[in-house]
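The values are calculated or read from the model by the stated rules, or taken from the named source; none is laboratory data. Because the structure is a prediction, the values reported are computed rather than measured. Here the Cβ is made from the backbone with ideal geometry for all residues, glycine too, and neighbour counts use every protein chain on show.
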Protein chains: 2
Amino acid sequence: MENVEQILLPRWIIPVDDENSIHEDFGIAINAGRIVAVASKSELKARYCSDSVVELAEHAIIPGLVNAHTHASMTLFRGLADDLPMPVWLNEHIWPAEAKWVSREFVQAGTSLACAEMLRGGTTCFNDMYFFPDTVAEQSEACGIRACVGMIVIEFPTIWAKDPNEYIQKGLDLRSSLEKSTLVTTCFAPHAPYTVSDPTLTQIAELSSELNCQVHIHLHETAEEVERAVCESGIRPFERLNHLGLVNQRLMAVHMTQLKTHEIQNLAEHASHVIHCPESNLKLSSGSCPAGELVSHGVNIALGTDGASSNNDLDMLGEMRTASLFAKIVSESAESLDAYTALRMATLNGAKALNLDHEIGSIETGKSADVVALDLSHPATQPCYSPVSQIVYSMSRDQVSDVWVAGKRLVNEGALTTIDEQQSITVAQNWCNRISQS
Amino acid sequence: MENVEQILLPRWIIPVDDENSIHEDFGIAINAGRIVAVASKSELKARYCSDSVVELAEHAIIPGLVNAHTHASMTLFRGLADDLPMPVWLNEHIWPAEAKWVSREFVQAGTSLACAEMLRGGTTCFNDMYFFPDTVAEQSEACGIRACVGMIVIEFPTIWAKDPNEYIQKGLDLRSSLEKSTLVTTCFAPHAPYTVSDPTLTQIAELSSELNCQVHIHLHETAEEVERAVCESGIRPFERLNHLGLVNQRLMAVHMTQLKTHEIQNLAEHASHVIHCPESNLKLSSGSCPAGELVSHGVNIALGTDGASSNNDLDMLGEMRTASLFAKIVSESAESLDAYTALRMATLNGAKALNLDHEIGSIETGKSADVVALDLSHPATQPCYSPVSQIVYSMSRDQVSDVWVAGKRLVNEGALTTIDEQQSITVAQNWCNRISQS
């Protein structure tokens, strides 16, 4: 008998594999932060013992959810400006509010609240794009959540940097400082084609290749963005990025509501990744990413919530459901984006986009123990013909009972173990009071 | 000082009125099941006293949610057949399963589970269309939820009745038996234009007028339904109903994904009601009801979840969010169907459709005390610039803390007081096991 740190014994395990498996009466053995076995309960009990055996009789265990696009700090602007056209929302509300309020303390407060929300909702890894990414990294390390923090680059000056060189240098310094982190990685995060120049994008393309580092960028979010670019430069932003050497396996293209067939083929050929943010696209009426078509063309498509000011939550369970429902109407087929595909988008595909699929994204021996237990005993998820159907179409985030990242239990029966939730909320409320009164 | 049965003291009251009011630091006095005062806390405390004062410091109180279209018993088929085209789903899965399994016991079990789910999600009234409506009525009375049970009519024989005359007679008998009920009402529920003949619909139109009784019918759910009707009869189903005298202030037309401008005008002129079921329409890829356009034409539009086999839950908070998000993309305007409008659709508009707005649907002195307390202290609904935004765009059903129907507290700090939830689930699981193994 081998002694391990933890044994989890759920009703179901949904590993997220090519066979769309659902294992009933299986368990997971965890040691030194890693999954050391996934096997039937009887086999597991015969091979392993542990002081920590977690019985989860009504639960399904899934891989930790990967939120592949967010701006965590923007939780502090949640609900500040709703039901507005995107240009008004961005130019008249969000950008002025950011110019006025964003600081290191703001990012600290917003990230802390976001991590509380994400962990309680089963998200174990998030891909962030915001100012003060060093603070986002620190906050993530402190609470034990996994993160990829964006080395943000914008052509114009902000509180974080004065010009592209400083943005890039501060990003690279952060990257160096995180070399030994097991939880936090970095990627380049040029904001969008319309806010970053050709020379800067070229420099990012070269650095991305040299360092084998992903590039996270808003792209083709609205028809207006594409039309304006065509009007000004004669080419679509995606084509421009292609010319600049950015369309490759390191590209994480966020939104992509405007896509021609040859662009979809191009994405597939270059093994680029699309990050679909359905709720944000709907709320801002940005457009419809052809998620079903991308799947059928073999493009890796992951899911993100976007920031809380355009969603308005960081709930990946809800995002899966919306992605699946929305895809069915966009593709005019109820068969489009079935439940297991939605779950794969929210887990393994996110890990692939972040180039972290050797570590996370599925429940496999050898991978990090980033797993989530979901309690199916709520009347809304009963009776249960298929746990995957219940998870995608009926579950709410409060059914997340337990969350482990690298084997560490960050949510224990619904309660956060590494974040003082009430303190996070109080700090956020103080920010809200200041912002409201201004 | 007047003594009253209960005083509720929430942080906010959202009454759902024409001014889109949000009252901060107000309270509600309840006596004999009715709202006797809505006033500032100081005024309320000066005028009323009670042995039961409920402090809800972090909460908003809204009118009870009205699920204006469901088939409650179908919770027992939740997740039985997902990701399938509507004709396959209906003809090859749902109808055969109904033919095989539906019985009085099935309806009892399914309704009990549905009521548990609905009450815990803040739904205080539902409009049902299913077999054995007498059992649905009994179950509703037993747990204290408000319901409008459909006097179902289908042209062909089922376990409930052998021909249209029997369907109608059984419905009218049920209606008589419920005359004294304060919770359960009835309406005519001819299933759909394609399953009910002209003579039967004519008879229903006459009875509806005579008895001043609403008519609840699936209508223009898909483009195929309309095309087939035009092909077979030369006219669209809505036009046919108009000819038969059914388009008036008693019509509750469910789905309406296919609408021409003159039809929208016709609905507005006749003060007919549209019941929008966005999640069902998305999941079955049925089509897009032009919700924003209906609102701007002044049509009363309410919200329904449809049955749990095409949604897959009975969550009206989620349905509000989906309605608002979906409307923004359908109407290509982020301003379409703002948060307060979505809340009105889920409350007062549902009450109007059911001709119950003199009793329920808003928080007003004299109306029945059908109210719901929502706890905003979850990190996903913090900080709070506007409680209505948080309720529609960020809240999950588990934040429903307390529910009152006619002044009776049916959910107390998240727990059901009139339904044995575990028993309901166990019975539902037994049905699931039988159905799965067959």
Item to complete: Scan region B:109-118 and give yes if some residue there is hydroxyl-bearing (Ser, Thr, Tyr) and facing chain A (nearest Cβ under 10 Å), otherwise no.
Response: yes
Among residues of region B:67-105 being acidic (Asp, Glu) and more than 11 Å from chain A (Cβ to nearest Cβ), the residue surrounded by the most Cβ atoms within 10 Å (Cβ to Cβ) is B:Glu98
With the first residue restricted to region B:274-289 and required to be more than 8 Å from chain A (Cβ to nearest Cβ) and under 13 Å from B:Met316 (Cα atoms), and the second required to be of a type in the set (Ser, Thr, Tyr) and assigned to a helix (DSSP H, G or I), Cβ contacts under 8 Å at 6 or more apart or on different chains are B:Pro278/B:Thr322; B:Ser280/B:Ser310
When (1) farther than 27 Å from B:Gly79 by Cα; (2) in contact with a Lys or Arg (Cβ under 9 Å, 6 or more places away or on another chain); (3) facing chain A (nearest Cβ under 10 Å) are applied to B:Asp315, the one that fails is (1)
Practice problem: Return yes when A:Gly350 is under 18 Å from A:Val295 (Cα atoms), under 13 Å from the mean Cα position of the chain (by Cα) and assigned to a helix (DSSP H, G or I) and no when it is not. | Solution: yes
Given the conditions (1) touching a helix residue (DSSP H, G or I) at 6+ places or on another chain (Cβ under 8 Å); (2) more than 8 Å from chain A (Cβ to nearest Cβ), every one holds for B:Ile329 apart from (2)
For region B:338-351, pairs from a residue that is within 14 Å of chain A (Cβ to nearest Cβ) and surrounded by 24 or more Cβ atoms within 10 Å (Cβ to Cβ) to a residue that is outside any loop (DSSP other than H, G, I, E, B) and basic (Lys, Arg), with Cβ under 8 Å and 6 or more apart or across chains, are B:Ala342/B:Arg321
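Each row is one residue, and each column tells you yes or no for (1) crowded, with 24+ Cβ neighbours inside 10 Å; (2) closer than 24 Å to A:His262 by Cα.
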position	(1), (2)
A:His297	no, yes
A:Ala302	yes, yes
A:Asp313	yes, no
A:Met316	yes, no
A:Met320	yes, no
A:Lys328	yes, yes
A:Ser331	no, yes
In region A:178-208, anything surrounded by 14 or more Cβ atoms within 10 Å (Cβ to Cβ) and of a type in the set (Gly, Ala, Ser) is listed as A:Ser181, A:Ala189, A:Ala192, A:Ala205, A:Ser208
message: Take A:Thr426 and tell me if it is more than 9 Å from every other protein chain (Cβ to nearest Cβ) and touching a Leu at 6+ places or on another chain (Cβ under 7 Å).
response: no
Given the conditions (1) aliphatic (A, V, I, L, M); (2) more than 14 Å from chain A (Cβ to nearest Cβ); (3) surrounded by 17 or more Cβ atoms within 10 Å (Cβ to Cβ), every one holds for B:Ala46 apart from (3)
When restricted to A:Phe77, A:Phe106, the only residue within 21 Å of A:Lys283 (Cβ to Cβ), modelled with pLDDT of 95 or more, aromatic (Phe, Trp, Tyr) and in contact with a Ser or Thr (Cβ under 8 Å, 6 or more places away or on another chain) is A:Phe77
If you go through B:Ile329, B:Ile264, the only one that is hydrophobic (A, V, I, L, M, F, W, C) and in contact (Cβ under 8 Å) with a residue 24 or more places away in the chain is B:Ile264
Within region B:12-43, restricting to residues that are in contact with a helix residue (DSSP H, G or I) (Cβ under 8 Å, 6 or more places away or on another chain) and surrounded by fewer than 20 Cβ atoms within 10 Å (Cβ to Cβ), the one that is farthest from B:Leu376 (Cα to Cα) is B:Ala37
Filtering region A:378-399 down to residues that are of a type in the set (S, T, N, Q), in a helix (DSSP H, G or I) and facing chain B (nearest Cβ under 7 Å) yields A:Ser389, A:Gln390
Of the residues in region B:210-245 that are under 14 Å from B:Leu172 (Cα atoms) and of a type in the set (S, T, N, Q), the one that is nearest to the chain's Cα centre (by Cα) is B:Gln214
Subset of region A:229-255, residues farther than 16 Å from A:Gln214 by Cβ and crowded, with 24+ Cβ neighbours inside 10 Å, comes to A:Phe238, A:His255
Residues of region A:290-312 being within 10 Å of chain B (Cβ to nearest Cβ) and either aliphatic (A, V, I, L, M) or free of Cβ contacts under 8 Å to residues at least 60 places away in the same chain (or both), in sequence order, are A:Ala308, A:Asn311
- Message: Given the criteria assigned by TED's automatic domain parsing to the domain that holds B:Ser103, surrounded by 14 or more Cβ atoms within 10 Å (Cβ to Cβ) and of a type outside the set (S, T, N, Q), does B:Pro157 qualify?
- Response: no
**Message:** Kindly evaluate B:Asp357 against the criterion of being at the interface with chain A (Cβ under 10 Å from one of its Cβ atoms), more than 12 Å from the chain's Cα centre (by Cα), part of a loop (DSSP other than H, G, I, E, B) and modelled with pLDDT of 95 or more.
**Reply:** no
Might you let me know whether region B:76-97 holds any residue that is in the same structural domain as B:Ala189 (by TED's automatic domain parsing), β-branched (Val, Ile, Thr) and free of Cβ contacts under 8 Å to residues at least 24 places away in the same chain? yes
Being modelled with pLDDT of 95 or more, over 23 Å from B:Pro383 (Cβ atoms) and assigned by TED's automatic domain parsing to the domain that holds A:Val184 narrows A:Thr365, A:Thr341, A:Thr381 down to just A:Thr341
Given the conditions (1) in contact with a strand residue (DSSP E or B) (Cβ under 6 Å, 6 or more places away or on another chain); (2) among the charged types (D, E, K, R); (3) away from every other protein chain (no Cβ under 14 Å); (4) touching a residue at least 60 places away in the same chain (Cβ under 8 Å), every one holds for B:Asp375 apart from (3)
query: Got at least one residue in region B:139-149 being touching a residue at least 60 places away in the same chain (Cβ under 8 Å), under 22 Å from the mean Cα position of the chain (by Cα) and in a strand (DSSP E or B)?
result: yes
Within region A:224-261, of all residues that are in contact with a helix residue (DSSP H, G or I) (Cβ under 6 Å, 6 or more places away or on another chain) and touching a residue at least 60 places away in the same chain (Cβ under 8 Å), the one nearest to A:Ala323 (Cα to Cα) is A:Met252
